[in-house]
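Each remark here refers to the structure printed beneath this line.
The values are calculated or read from the model by the stated rules, or taken from the named source; none is laboratory data. Source: prediction; values computed, not measured. All Cβ positions, even for glycine, are placed from backbone atoms using ideal geometry, and neighbour counts span all protein chains on display. Please note that ligands, DNA and RNA were not included when accessible areas were found on the heavy atoms of the full protein model with its side chains. Shrake-Rupley method; radii C 1.70, N 1.55, O 1.52, S 1.80 Å.
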Amino acid sequence: MVWRKLAERLFTKKKSSEPQVRADAAVVKTFRKRYARFRKLLDSNAALAELMAELEFKLSGKSLFGLAYVRQSTKQAIALARRMAKSIDAMNPGRYAALTQALEQIEMALLTMLDENPGSCEQCQQFTMGLAEVNLSLVDWVGGKCANLGEMLNMAEIPVPRGFAITIYAFQRFMAHNNLENEIQALLGAVNIEDRDALSAQLTEIRALVENAPLPEELESAIQASLRGLFGSEDLLFAVRSSAQAEDGAKSFAGQFLSELNVARSEVFNSYRRVIASLFTPSATLYRLHQGITLAESPMAVACLEMVDAEVSGVAYSHDPVNLMRETLVINAVWGLGRYLVDGVVTPDMWVFTREDPVLVRRRVATKERKLGRGPDGKLIDMPVPPKMQRQFCLSDAKAQELARQVMHLEQHYGGYQDVEWAKTKDDQLIFLQSRPLDARQGERGAPRPPLITTHPLLLDGGDIASPGVGYGRVVMPRTPEDILHFPEGGVLVASHSSAEYAAVMDKAQAVLTKTGGITGHMATICREFHVPTILNLPEVLRVLQPGMEVTVDAFSGRVYQGKVEELLPLRLSLDPVRLQDTPIHKLLHKATRLILPLHLTDPSSSKFSPAHCRSIHDIMRFVHEKSYHEMFAISDTASDAGGVALKLKATLPIDLHIIDLEKGANAAPNARVVLPEQIACAPLKALLKGMLHPDVVFRKPRPVSMGGFISVMGQQMGNPRGGDGRFGDKSYAIISDRYMNFSSRVGYHYSVLDAYCGATVSKNYISFSFQGGAAGEVRRIRRIKAIAMVLEELGFTVTIQGDMVKSRFQKYPKESIEERLDQLGRLLQVTRQMDMLMVSDQSITQFKDDFMNGIYR
């Protein structure tokens, strides 16, 4: 009892004779300003963390994005980093000036990178170029279609229509003349690509802008001069066709852009604008995004060609597109103009030849009841095919063989498989309208032709396999453009005929089935590019299948089964619907994120943890986030200056706690001097007090101490030249808001600082806790520090020990986890009072940790 009373007298603070510090409103105002900047900094940090996570996902190549996204995200990352840098500089003016310089260098590199325009054509200063002047080397000036037409005419000596290219330079001048690029970027940048309704609405607005924009006078004059120079005053009709820079190359863009046929001379200007506007249809836009091609990489040149009055039209592939094992060449043909073939409206006749010295292998006649032709007024009209011609081959075998030889000549010239559009005039001349690379592939994918499945009803058998594979899902039959926009994930697309507009659903469709169509059509090409199992020319498909019906499509054998055929599902290709890796837009994003995502500043204790070593936006973010804690910690050292404006907490605690409420942290009455625990609204402090007031840790009597510990304290006290500085009874402060707390506690000879943010945003939440000092000798103080460190590690904190100081951090966890740890810290602060005097051996360290984690606090 004597020793206990002596201890009480020794460690009880005498009443201060110093006068109470008067209220200092200026200090509190400083706190509030610093906290407001800290909140702004945390908001920016959270937003930047979310943006960086999104960029990481985009880099996986499994999500759609365009150039607008890359630019917008990069500029957003810069803006958030700048906001963080300004916030911390305002917290301690002048200390972080070098940070702004580091950020400016990163910003300059990023913006320079984004200003690069790989689609520009500064060398080309001509609005038009005749096909006689063009070859494949001029693709950057005249686009894919025009470059190939010029190549066929001038280099391969293959007949093509007369005509000229309206160049990419003309496109750029047209766009600049009307400030269209900025308006388009603003409209596209404001819409979520995955919101198909919003995207469609914005694209409709963009097309209207383009179609109503005037042409520069010099462009009109150049087009008129080319029309006169090539065609004189002949009363001709023209084909005005798209020739985008990225078209008819490695990516086909088959049927994605507009081609207008039978265009009168007076309508060429309007037709030109409509072709340009077709860059912004939903189908073309989504196709471009799926292929990772930016708008800058697909500027639109336009071909103005003499209209061929075709008796027969078609498409030829120099190799079977579905199966590389078949060394054959395929020709499809229909009566009239070829649009009904490439759009799948009419099932074509087919010839199959050997590739070497073409020899006819087989042929198949189709019923061709309709054709697209020219009416008496020159306009395109749907025409019935005379009954005697409906089941008649529209080419003779000899003409088909002549065509096959020309196609192989083109393959040899280009050095690769070719997809060729052609027409035959009424005087039996072959004219070639287009040639582009053919993506022929091994259709079997190493899998044998599956046998007939007898456990499920066979609904359809036959048709033409346009893209091999297996798909399973519910039947969807789009009727309107809105149906296409809302096509469900995993549906099986069933339609009357193929359409290039269905490119908009290729990222969602499990399979495609159509009543008519041929493997050389535009949609068939797109299905192969997207690896979507596709069977065309199924006459009974619309009668047999109904919307919502579950089917399994075997596009290896041409069969459709009812239900889910488990035996076939392993043959499905496990391909992501979006594959942007190694595409131009993906490469641009990867290039930009090299200055955004990498983290080089990992060790705050390193001499390289400085603005001078910040090489990425992530480095800026990490540096500012780390230093912001230190700036907020600093306010605890000046808290005593504001003693006159603090609320005193009235609670059964061994500390004299005063609270400075910055913003909505306490519900005390106006002009109150005291606050109760139940009036605390600050989430971190509420959780901390819950632990500190836990019934098992509230000690109303002096803690028992060992004799050895007491003697250690006495020795420490007598050896301390500073005398009684920092003994029991010193004021502790909590600076709070509704979600933030900076708690500094001076109790006896130890000092602890707890800084925490606890809200709904996980990336903002953190706890930073440090503890130092004690009344006992160095060995016992260090034992206590080790025991505290072991408890903190058990609670999931990152911990470092320096002498008799422990520092720890727990961050980016949900609100509930933060509150739980603060509760535990409240208990820990209580039970560690005078605990250094109990640290009689190293075994005491583990014993304390085990007892605490098991809820044993006495």
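Give the accessible surface of the stretch 209-248 per residue, rounded to a whole number of Å², with probe radius 1.4 Å and ligands, DNA and RNA excluded.
On the way: 1740 Å² over 40 residues.
Ligands and nucleic acids excluded, the result is 43 Å² per residue.
For the listed peptides 475-484, 794-803, 501-510, a ranking on the average number of other beta carbons within 10 Å per residue, highest first, reads 501-510, 475-484, 794-803.
Apply the a/c threshold of 1.5 to the C-alpha gyration tensor of the stretch 33-114 and tell me whether it is rounded, prolate or oblate. Walk me through the numbers on the way to the answer.
Numbers: a/c = 3.38, a/b = 1.70, b/c = 1.99.
Judged from the Cα gyration tensor, the stretch 33-114 comes out oblate (a/c at least 1.5, b/c at or above a/b).
Compared with the alpha-carbon gap, the fully stretched path from residue 779 to residue 613 is longer by 55.9 nm at 0.36 nm per residue.
Binning the C-alpha pair distances of the stretch 454-514 at 5 Å intervals from 0 yields a P(r) profile of 4, 16, 30, 26, 13, 7, 3, 1 %, listed from the shortest bin outward. 3J(HN,Hα) couplings calculated from phi for the stretch 465-473 with the Karplus curve 6.51 cos²θ - 1.76 cosθ + 1.60 (θ = phi - 60°) are, in sequence order, 7, 8, 8, x, x, 10, x, 9, x Hz; Gly and Pro show x.
If you sort 157, 104 by accessible surface, 1.4 Å probe, largest first, the order is 157, 104. Amide hydrogen proximity for residue 811: with H placed 1.01 Å from N in the peptide plane, the residues at 5 or more positions away or on another chain lying under 5 Å are 767.
With all pairs of different alpha carbon atoms counted, what Kirkwood hydrodynamic radius in Å does the stretch 301-457 show? Answer for the stretch 301-457: a Kirkwood hydrodynamic radius of 16.9 Å. Note on residue 857 and residue 186: with the Förster distance fixed at 56 Å, the Cβ-Cβ geometry gives a FRET efficiency of about 0.35. Derived from the Cα gyration tensor, the three semi-axes of the equivalent ellipsoid of the stretch 413-558 are 28, 19, 15 Å, largest first. Entry note: the stretch 373-474 has Rg to Rh equal to 1.08, where both radii use alpha-carbon atoms and Rh is the Kirkwood radius. The ellipsoid that matches the Cα gyration tensor of the stretch 327-382 has semi-axes, each √(5λ) in whole angstrom, of 28, 11, 8, with the longest given first. The amide H of residue 256, built 1.01 Å from its N in the peptide plane, has no neighbour under 5 Å, considering only residues 5 or more places off or on other chains. 3J(HN,Hα) along the stretch 176-187, derived from phi through the Karplus expression 6.51 cos²θ - 1.76 cosθ + 1.60 where θ = phi - 60°, amounts to 5, 4, 10, 6, 6, 4, 5, 5, 5, 4, 5, 5 Hz, with x in place of Gly and Pro. Computed over every Cα-Cα pair of the stretch 145-249 and binned at 5 Å starting from 0, the pair-distance distribution P(r) comes out as 2, 10, 15, 17, 18, 15, 10, 8, 5, 2 percent. With a simple spin-label model that places each label point 7 Å from the Cα along the Cα-to-Cβ direction, the separation between residue 383 and residue 211 comes to 2.8 nm. Can you pick out the pairs among 40/686; 508/815; 33/608 whose Cα atoms lie more than 27 Å from each other? From the list (40/686; 508/815; 33/608), the Cα-Cα distance tops 27 Å for 508/815; 33/608. With Cα atoms as the point set, the stretch 337-425 shows a radius of gyration and Dmax of 14.9, 45 Å.
Extension gain, residue 29 to residue 197: 0.36 nm times the residue separation minus the Cα-Cα distance gives 55.6 nm.
On a full-extension model of 0.36 nm per residue, what is the gain between residue 354 and residue 326, subtracting their alpha-carbon distance, rounded to one decimal in nm?
Numbers: separation 28, 0.36 × 28 = 10.08 nm, distance 0.90 nm.
Difference between extended and current length: 9.2 nm.
Between residue 425 and residue 50, the FRET efficiency estimated from the beta carbon spacing at R0 = 56 angstrom works out to 0.35. Pop the C-beta distance of residue 234 and residue 405 into the FRET formula with R0 = 56 Å and round what comes out to the nearest 0.05. Efficiency for this residue pair is about 0.95.
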